[in-house]
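Written out below as structure tokens is the structure these notes cover.
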Amino acid sequence: SLPLLKCLCVYSIEIERDDQVKLTIKLFATLREGRGKILEDEYPADTTPKDILASLKIEEKDVAILLVNGVDGELDKPLNDGDTLSIFPPVGGG
């Protein structure tokens with residue numbers, strides 16, 4: 001009889017890192033001063049627009065429009081991988 005061959009199969013499993021999201025932050029008008037125009041970086045997975053504002057030292061009262069992927073965003077809703085956050089200050093005039 002033939003010898004019994006045992007097969008050792010090795011599976012490669014790629015583990016996705018769910019603890020980080022890549023975000024693009026676009027700042028407009030006076031909010032660019034000392035911060036830049038477009039920021040791209042990785043953030044913890046549960047990051048909210050409110051967290052981004054705090055990290056950039058932007059007060060909520062200084063934000064007139066906040067968009068996530070081009071639509072109205074919520075300050076406390078976590079952002080998803082690949083999201084673009086656009087932040088506009090109030091428009092002055094007279």
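Values in this text are rule-based calculations from the coordinates and carry no lab data. Worth saying up front: this structure is predicted, and the values here are computed from it rather than measured.
Where both residues lie in the range 23-94, what percent of DSSP beta bridges are antiparallel, nearest 5? Before the final figure, lay out the partial values.
Details: 10 of 14 bridges.
That works out to approximately 70 percent antiparallel.
Please work out the ratio of the alpha-carbon Rg of the range 30-91 to 2.2 N^0.38 Å and round it to two decimals.
The value comes to 1.04.
Using a Cα-Cα cut-off of under 20 Å, which lysines could be cross-linked to Lys26, ignoring same-chain neighbours fewer than 8 residues away?
Within the straight-line cut-off, Lys26 pairs with Lys37, Lys50, Lys57, Lys61, Lys77.
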